[in-house]
Amino acid sequence: MPPCFVWPTVSEMNDGANRQAKRSARERLQAERERERKKDKRRRTLVVATAVVGVLALAAVVGLIAANAGKGDKDTAGPVTAPAGAAGKDALAIPTGRSEAKSTLTVWEDFRCPACKSFEVNYKDTIHELEAKGLLKGEYHLVTLIDGNMGGSGSLKSANAAACAQDAGKFTEYHDLLFQNQPEETDDAYGSNAKLIELAGKVEGLDTPAFRECVEKGTHNSWVAKSHEAFRAGNFRGTPTIQLNGKDIFADQANPITPQKLKEQVEAAAKGTATTGGGKASASPSASASSGSSASASPGSRAKGTGTGAGTGTGTGAGTGAGTGTGTGAGTGAGSGTGGSRTGASSAEATGRAGQG
């Protein structure tokens, strides 16, 4: 007997087709979800990787800053060793010129500072001329302002090298050379000891083993750091800060002291304190001159003599009558006048500062 086949009904065929369609839809949905899941995973991986890179980069920057900070502390650590002949409070000034000069120019400057170079270019010849005549002495204070503002170590290392040059008696020559060869403010060329030693070769007798060792070891780094702290404590307006006998020559921006005015003021101060008999001198409170008239003066006042004299000293006697008289001060001098004064009746003392009577 042949097999008997039962054909599905239309309803059964539709049910099968629906199940197949539903299965296909579920599979497509699952496939889509799988793709989205993989895409999300890739996105999360990328975000995490980027974050890790960012953290590592930040750590590197922080590490670099910390390393540099530590390096700076190390550079200025150790005992404070002042250069030979350093003067002033805490021996933080490098003196130039003759100590007996009546006027003092106090200079705060940074070898990386462009404005400092401008000052040196315009005033250097006048300063050197007045120092050579014995009318002006300088006090140079070295600071590291640009290192702090721009980064680097050129201010510190060049200041140390200048102090090393002071040890060798070559400060002025090397000081001028550093400003003549000053790099751009953003260029930390003076942060290289090799560069500083190379420049020393242009100053006769400076490039010696002792100078090289001083530069390489940073012998005066701590001294420079202390000088900079003094600059900060002084609340100065910036670099350069230039003071003539304690007065900022650029305080009056409308009428600054030009090189010519600087020369005139220094020369006038020298004449005012060195001239005897007819010049001006400081008298002590007990100073007096008599013989028909007398005069007394406070420490800041001025007494005039009526005669002329020769010798050394800053005081003169004054009076009327006939005779001769002598005055005593920083030295002794003799003069003749139109009247007489009691011998030794007057005395005067130098103020030690230019421009003061």
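The values are calculated or read from the model by the stated rules, or taken from the named source; none is laboratory data. Bear in mind the structure is a predicted one, so any value in this text is a computation, not a measurement. Please note: Cβ atoms are built from the backbone with ideal geometry, for glycine as well, and neighbour counts cover all protein chains shown. Ligands, DNA and RNA are excluded from the accessible area calculation, which covers all protein heavy atoms including side chains. Shrake-Rupley method; radii C 1.70, N 1.55, O 1.52, S 1.80 Å.
Residues in the stretch 192-216 that are under 16 Å from residue 84 (Cβ atoms) and surrounded by fewer than 17 Cβ atoms within 10 Å (Cβ to Cβ): 205, 208, 210, 213. So if I check each of 111, 179, which one is in contact (Cβ under 8 Å) with a residue 24 or more places away in the chain, within 25 Å of residue 89 (Cα to Cα) and open to solvent by less than 20 Å² (accessible area, probe 1.4 Å)? Result: 111 is the single residue among 111, 179 that is in contact (Cβ under 8 Å) with a residue 24 or more places away in the chain, within 25 Å of residue 89 (Cα to Cα) and open to solvent by less than 20 Å² (accessible area, probe 1.4 Å).
Filtering the stretch 246-287 to residues that are in contact with an Asp or Glu (Cβ under 8 Å, 6 or more places away or on another chain) and modelled with pLDDT of 95 or more leaves 259, 263. Step by step: first the residues of the stretch 126-149, then only those that are surrounded by 17 or more Cβ atoms within 10 Å (Cβ to Cβ) and of a type in the set (A, V, I, L, M, F, W, C), then the one that is nearest to residue 87 (Cα to Cα). Which residue is that? If we take residues in the stretch 126-149 being surrounded by 17 or more Cβ atoms within 10 Å (Cβ to Cβ) and of a type in the set (A, V, I, L, M, F, W, C), then 142 is nearest to residue 87 (Cα to Cα). Kindly establish whether residue 131 is out of contact with any Asp or Glu (no Cβ under 8 Å at 6 or more places or on another chain) and under 21 Å from residue 243 (Cα atoms). Considered against the rule, which asks whether it is out of contact with any Asp or Glu (no Cβ under 8 Å at 6 or more places or on another chain) and under 21 Å from residue 243 (Cα atoms), residue 131 comes out as yes. Here residue 239 fulfils each of the conditions (1) more than 15 Å from residue 83 (Cβ to Cβ); (2) assigned to a loop (DSSP other than H, G, I, E, B); (3) out of contact with any Leu (no Cβ under 8 Å at 6 or more places or on another chain); (4) modelled with pLDDT of 95 or more apart from (3).
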